[in-house]
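Below is one structure; the comments refer to it alone.
The values are calculated or read from the model by the stated rules, or taken from the named source; none is laboratory data. Nothing here was measured: the structure is a model prediction, and the numbers come from that model. A quick note on method: Cβ atoms are made from the backbone with ideal geometry, for glycine too, and the neighbour counts reach across all protein chains shown. Note: areas computed on protein heavy atoms with side chains; ligands, DNA, RNA excluded. Shrake-Rupley method; radii C 1.70, N 1.55, O 1.52, S 1.80 Å.
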Amino acid sequence: MLAALEWMARLHAGDRRQREPYSCHPLRVAIRILSHYRVADADVACAALLHDTVEDHAAELAPGGSRREALAALAGQFGAPVAALVGAVTNPPQVTGVDRDEQYRAHVTASLEACPQARVVKVSDLTDNAAGLFHTTGESLPRRAAKYGPLLPVLREMVLRADTPLSGDVKDMIARQLDKAGARLAAITGDTAGLRAGDGDGR
């Protein structure tokens, strides 16, 4: 896992996210998985640290610069399971004529349907992204809230499935967090149905 941390730090060294180094984001994603989700799988932790490297730095991972080659480079260094998890949470290139947010949600839904371990990485990633929204101002806030909001109930349902590798109490905790996040995002976008859906106890 130390090697994954070093690769992540090197690849994201020049990246910024609002007021902090971008590397703080994948680090929080991994810490949440290890500490709050109590996941002991090293492959999942490594994938959490590396989850944005292919999407953002494919050319630095592989000479050809393609995402397939970048994933192959990760597989060579960290093993096929880690590369597969990173691939599952890596957004595909934008398809011309397709709404960007709809494409994002469709990809996330399909990839997580097929890969239960990737749900753990994605829910931690989305939790961090949603938390960041609540400290964001400006014109991008409603657009980003509209992007993530519709995905929360889908992810909630997948997290609660029997094949998602998390304990029952952790699944319930995540469901409650997603409910609260959904209500907050609904308040930002003015979605009254989403506000009502977030009124429950998360079970």
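Looking at this structure, is residue 128 exposed (fewer than 13 other Cβ atoms within 10 Å of the Cβ) and either at pLDDT 85 or above or within 11 Å of the chain's Cα centre (by Cα) (or both)?
no
Yes/no per residue for (1) over 22 Å from residue 115 (Cβ atoms); (2) not in a loop (DSSP other than H, G, I, E, B):
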site: 125; (1), (2): no, yes
site: 128; (1), (2): no, yes
site: 154; (1), (2): no, yes
site: 158; (1), (2): no, yes
site: 162; (1), (2): no, no
site: 171; (1), (2): no, yes
site: 180; (1), (2): yes, yes
site: 186; (1), (2): yes, yes
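Residue by residue through segment 162-191, note down the ones that are within 18 Å of residue 35 (Cβ to Cβ) and open to solvent by 60 Å² or more (accessible area, probe 1.4 Å).
165, 169, 176, 177
Could you please tell me which pairs satisfy a Cβ distance under 9 Å, a separation of 6+ or placement on different chains, a first residue in segment 28-41 that is of a type in the set (Phe, Trp, Tyr), and a second residue that is modelled with pLDDT of 95 or more and open to solvent by 40 Å² or more (accessible area, probe 1.4 Å)?
37/167; 37/173
Of the residues in segment 2-18, how many are surrounded by fewer than 11 Cβ atoms within 10 Å (Cβ to Cβ) and part of a helix (DSSP H, G or I)?
The qualifying residues number 1.
Suppose the filter is of a type in the set (A, V, I, L, M, F, W, C) and surrounded by 14 or more Cβ atoms within 10 Å (Cβ to Cβ); does residue 48 pass it? Please lay out each step first, then the result.
Details: of a type in the set (A, V, I, L, M, F, W, C): yes; surrounded by 14 or more Cβ atoms within 10 Å (Cβ to Cβ): yes.
Answer is yes for this residue.
Can you tell which of 108, 120 is in contact with a helix residue (DSSP H, G or I) (Cβ under 8 Å, 6 or more places away or on another chain), buried (at least 20 other Cβ atoms within 10 Å of the Cβ) and free of Cβ contacts under 8 Å to residues at least 60 places away in the same chain?
108
Considering each residue of segment 155-171, count those that are touching a Leu at 6+ places or on another chain (Cβ under 8 Å) and of a type outside the set (Lys, Arg), and give that number.
Initially, segment 155-171 is screened for residues touching a Leu at 6+ places or on another chain (Cβ under 8 Å), giving 155-156, 158-159, 171.
Those still in the list that are of a type outside the set (Lys, Arg) too: 155, 158-159.
Summing the residues that are touching a Leu at 6+ places or on another chain (Cβ under 8 Å) and of a type outside the set (Lys, Arg) in segment 155-171 gives 3.
Out of segment 19-59, which residues are part of a helix (DSSP H, G or I), closer than 22 Å to residue 94 by Cβ and among the hydroxyl-bearing types (Ser, Thr, Tyr)?
Scanning segment 19-59 gives a single hit, 53.
Could you tell me whether segment 83-105 includes any residue that is modelled with pLDDT of 90 or more, assigned to a loop (DSSP other than H, G, I, E, B) and closer than 15 Å to residue 49 by Cβ?
Yes: segment 83-105 contains one or more residues that are modelled with pLDDT of 90 or more, assigned to a loop (DSSP other than H, G, I, E, B) and closer than 15 Å to residue 49 by Cβ.
Take the residues in segment 62-78 that are open to solvent by less than 50 Å² (accessible area, probe 1.4 Å) and in a loop (DSSP other than H, G, I, E, B), then tell me which one is nearest to residue 43 (Cα to Cα).
Out of the qualifying residues, it is 62.
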